[in-house]
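Asker: Pasting a structure below so you can have a look.
Taken together, the values in this text are just the output of simple stated rules run on the coordinates, not laboratory data. Note that the coordinates shown come from a computational prediction; the quantities given were computed from them, not determined experimentally. Glycine gets a Cβ as well: all are built from the backbone with ideal geometry, and neighbour counts include every protein chain shown.
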Amino acid sequence: MIRHIVMWRVRGETPVERHEARHLVKQSFEGLRGVIPGMLNLEVGLDSSAVDYACDVVLVTDFDSQAALDGYATHPEHLRVRERLGNIRTARFQVDYQVDAQADSETQDSVAAGQGLRQASV
């Protein structure tokens with residue numbers, strides 16, 4: 001499995017403009033769910049830290065193969081999203097890496113178990 005992570009800073013002269021830009025990025029990428037062959041998971045997060053050096057939006061996607069990720073890069077729907085958002089971005093950072101599906105599953109199980117313990121203690 002290949003994990004593809006992209007983070008952006010977005011344009012906006014005011015907090016309202018940046019808020020709208022972040023939500024447009026989120027909505028646009030969420031529209032790709034179930035559309036891209038080989039895309040196993042898609043998650044879009046908006047920064048809540050309010051630190052000046054943070055990115056505004058993060059996209060985390062998992063693909064069943066490098067070929068699927070390569071296909072995503074040139075998929076017409078993805079290209080439409082990129083075109084729509086082209087002038088909104090001020091910076092873009094990307095990381096792609098191989099994920100062992102078994103290790104990822106164990107990590108998710110550990111996180112879920114930790115959340116269960118936290119909820120039980122409340």
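Asker: Residue by residue through segment 36-82, note down the ones that are among the hydroxyl-bearing types (S, T, Y) and over 23 Å from D100 (Cβ atoms). Talk me through it step by step, then tell me what you get.
Answerer: Taking segment 36-82 and keeping what is among the hydroxyl-bearing types (S, T, Y), we get 48-49, 53, 61, 65, 72, 74.
Answer for segment 36-82, where residues must be among the hydroxyl-bearing types (S, T, Y) and over 23 Å from D100 (Cβ atoms): S48, S49, Y53, T74.
Asker: Also: Hey, can you tell me all the residues within segment 51-79 that are of a type outside the set (A, V, I, L, M, F, W, C), within 21 Å of M7 (Cβ to Cβ) and free of Cβ contacts under 8 Å to residues at least 40 places away in the same chain?
Answerer: Of everything in segment 51-79, those that are of a type outside the set (A, V, I, L, M, F, W, C), within 21 Å of M7 (Cβ to Cβ) and free of Cβ contacts under 8 Å to residues at least 40 places away in the same chain turn out to be D52, Y53, D70.
Asker: Next question, about the same structure. Going by what's in this entry, would R3 be described as among the basic types (K, R), closer than 15 Å to Q94 by Cβ and within 13 Å of the chain's Cα centre (by Cα)?
Answerer: On the way: among the basic types (K, R): yes; closer than 15 Å to Q94 by Cβ: yes; within 13 Å of the chain's Cα centre (by Cα): yes.
Spelling it out, R3 is indeed among the basic types (K, R), closer than 15 Å to Q94 by Cβ and within 13 Å of the chain's Cα centre (by Cα).
Asker: So, one more: Considering only segment 33-84, state which residues are in a helix (DSSP H, G or I), over 14 Å from the mean Cα position of the chain (by Cα) and closer than 20 Å to A21 by Cα.
Answerer: Result: E77, L79, R80, E83, R84.
Asker: Can V58 be described as β-branched (V, I, T) and either in contact with a helix residue (DSSP H, G or I) (Cβ under 6 Å, 6 or more places away or on another chain) or surrounded by 13 or more Cβ atoms within 10 Å (Cβ to Cβ) (or both)?
Answerer: Values: β-branched (V, I, T): yes; either in contact with a helix residue (DSSP H, G or I) (Cβ under 6 Å, 6 or more places away or on another chain) or surrounded by 13 or more Cβ atoms within 10 Å (Cβ to Cβ) (or both): yes.
Answer is yes for this residue.
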